[in-house]
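Participant: Below is a structure I'd like to ask you about.
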Amino acid sequence: MPRSLPKIFAALLALILLALVAVGLTGQRKSEQTRAELETQSAIAAQLLSLQEAGEDGELGVAITASLETLAPAAREFEAVQVSDGSGRRVEQSLDALLSLGFDAQTTADRERALMAAVRVWQGAVADGLVEGNYPSALEQRLEGLEGFVCDNPNPAPVEGAVSEPVLHLQDALGQLGYVAEVYAARAGQEYGEVAETAGSWAKFAETLEGELSPILSCEGLLQAPAASYPLAEPADASTQLDATLAAITANAQAALGDSALPTEADRVELLLVKTLLDAGSAS
């Protein structure tokens, strides 16, 4: 055997070992990157899984399943957070965690996942009688911080094409609901009598929500003036129109949470979007 062959074999072996090490390091980096990307989703899953026993057979269980399905399969493999308190307290603790995950999320996709999970869990828990009230206590505490809001540092209006379209559509739907509901309520003694009472409560709902959103959206440069008027439906179709408009409010509020044009730093807007979803769910 030529003397050079052992050297060649050794060099080849070294190259193979280096290649294997490189492949291993690349795989490790990818694994670490995947874990980092799924960190928020895994935390969401852990909170949802901790509630499965409490919501096994009711609406809460439906909410948990729907929220888990928005997560990557790998994120659902983590163990549930262990909570020993009663069902109601367990729900409140998980809601606090989900809200924090959503408001602190670094991506709009994770923001939507976490905050919509919180909305679904709360609505499911209310339907099952596990909790009471209009909002989770953690949300109420955050909402208290908006009382008497004064805009000290208004943001300029976003450049064309960079504004959050769902936020604009949400305002339009609110304007429409407020307008048509007020007209139908005013015509209680006329042909709209069947929907007048419901319309009156929805007109108040729209007015209250617009009053809460306006100063925040104005400060963020996102405020849009409502139209002067909106089309009215025939009396037989008025109830369907009101339902469709309320559904548009819900759909656009959720879409705004996942819209990349709404920055993750827009905490006040995010907070009111969650409140909007809960209020709309209660009104429906």
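Participant: Using the Karplus equation 6.51 cos²θ - 1.76 cosθ + 1.60 (θ = phi - 60°), what ³J(HN,Hα) coupling, rounded to whole Hz, does each residue of segment 169-179 give in order, writing x for Gly and Pro?
Facilitator: 5, 4, 5, 5, 5, 5, x, 5, 4, x, 5
Participant: Quote to one decimal, in nm, the extra length available between GLU140 and LEU232 on full extension: 0.36 nm per residue of separation minus the C-alpha distance between them.
Facilitator: Answer, rounded to one decimal: 29.6 nm.
Participant: Once you have all Cα-Cα distances for segment 163-206, histogram them in 5 Å bins from zero and send the whole-percent values.
Facilitator: Whole-percent P(r) values from 0 Å outward: 6, 28, 24, 16, 11, 8, 5, 2, 0.
Participant: Something else about it: Residue by residue, what Karplus-based ³J(HN,Hα) values in Hz, rounded to whole numbers, does segment 185-190 have, using 6.51, -1.76 and 1.60 with θ = phi - 60° and x for Gly and Pro?
Facilitator: 5, 6, 9, 4, x, 10
Participant: Please report, in whole Å³, the volume per residue of the convex hull around the C-alpha atoms of segment 118-186.
Facilitator: 188 Å³
Participant: Rounded, prolate or oblate for segment 89-219? Axes are the square roots of the Cα gyration tensor eigenvalues, ordered a ≥ b ≥ c, and the cut-off for rounded is a/c under 1.5.
Facilitator: Oblate, since a/c reaches 1.5 and b/c is not below a/b.
Participant: Using all C-alpha to C-alpha distances in segment 202-246, build P(r) with 10 Å bins and read off the rounded percent in each one.
Facilitator: Calculated P(r), rounded to whole percents: 22, 43, 27, 8, 0.
Participant: When every alpha-carbon pair in segment 203-284 is counted, what percent end up more than 14 Å apart? It would help to have the intermediate numbers written out before the result.
Facilitator: Working: 2277 of 3321 pairs.
That tail contains 69 percent of the Cα-Cα pairs.
Participant: Now for a separate question. Using the Karplus curve 6.51 cos²θ - 1.76 cosθ + 1.60 with θ = phi - 60°, work out ³J(HN,Hα) for each residue of segment 42-49 in order, rounded to whole Hz, and write x for Gly and Pro.
Facilitator: Working through the residues one at a time gives 5, 5, 4, 4, 4, 5, 5, 5 Hz.
Participant: State the extension gain, in nm to one decimal, for the chain segment bounded by LYS204 and GLU56, taking 0.36 nm per residue of separation less the distance between their alpha-carbons.
Facilitator: 49.7 nm
None of the figures in this text is laboratory data; all of them are computed from the coordinates on show. What you are looking at is a predicted structure, and each value in this text was computed from that prediction instead of being measured.
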